[in-house]
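Participant: There's a structure below that I have some questions on.
The values are calculated or read from the model by the stated rules, or taken from the named source; none is laboratory data. The shown structure was predicted, so the numbers you read here are calculated from the model rather than taken from an experiment. Quick reminder, even Gly has a Cβ in these numbers, built from the backbone with ideal geometry, and neighbours come from all protein chains shown. The accessibility values were calculated without ligands, DNA or RNA, using every heavy atom of the protein model including side chains. Shrake-Rupley method; radii C 1.70, N 1.55, O 1.52, S 1.80 Å.
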Amino acid sequence: MKGILTVSMDAIGVLPAFKGIIVHDCWSPYFGYACEHAVCNAHILRDLKGISENTDQHWSDEVHDLLLEIYAAVDGAPESAVSLTPVEIEEFQRRFDLILDNGKAENPPSPLPVQEGRRGRKRRTPAENLIDRCQKYRVEILRFMTDFRVPFTNNLAERDIRMVKVQQKISGTSQLCGGGI
């Protein structure tokens, strides 16, 4: 079943026909579109920082630092390169996986109580959810190192969209466009 926003995205007609690489915040409805995906690492870095600040866990700092190290390697790659070398890619992926495995060990199944009368999955901590997201979407998170066309973040695109929405609100046309961001 598709949510209301996904149906709206379909009605606009852009995403269903898109054949490139979409860089987004890992919101699950986006993965329903038949194109390649990359995850905006600004969102991942922010989530990792939240885990580091709110828990006494070290894996999140290590993933944070590794992503910035990979970004520096991409930034320092020869201009003619289209990706990091296969050896670099394999080593960075190995380290990424190892850190997440350590994070999994630091986060055994959550002791959060099952609420009586609630259906669905057992509640999990934000750290558990982030580890699982990083494992499930490893390829999409690290795509910027395997395909240099993919930016590390989509912050510029988000800023551009935000400015259009601000201008619409100022001019009073946001009511026609549905308002909100």
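Participant: Looking only at the stretch 76-95, which residues are open to solvent by 30 Å² or more (accessible area, probe 1.4 Å) and under 20 Å from the mean Cα position of the chain (by Cα)?
Facilitator: Those that are open to solvent by 30 Å² or more (accessible area, probe 1.4 Å) and under 20 Å from the mean Cα position of the chain (by Cα): 83, 93, 94, 95.
Participant: Are any residues in the stretch 134-156 open to solvent by less than 50 Å² (accessible area, probe 1.4 Å) and basic (Lys, Arg), and if so, which ones?
Facilitator: Within the stretch 134-156, 143 is the sole residue that qualifies.
Participant: Against the definition (under 22 Å from residue 24 (Cβ atoms), of a type in the set (Phe, Trp, Tyr) and open to solvent by 80 Å² or more (accessible area, probe 1.4 Å)), how does residue 71 come out, yes or no?
Facilitator: When the stated conditions are applied, residue 71 passes them.
Participant: For a quick check of your reading of the model, give me the residue pairs whose first member lies in the stretch 29-46 and is aromatic (Phe, Trp, Tyr), whose second is at pLDDT 90 or above and crowded, with 16+ Cβ neighbours inside 10 Å, with beta-carbon atoms closer than 9 Å and at least 6 apart or on different chains.
Facilitator: Close Cβ pairs satisfying both conditions: 31/137; 31/140.
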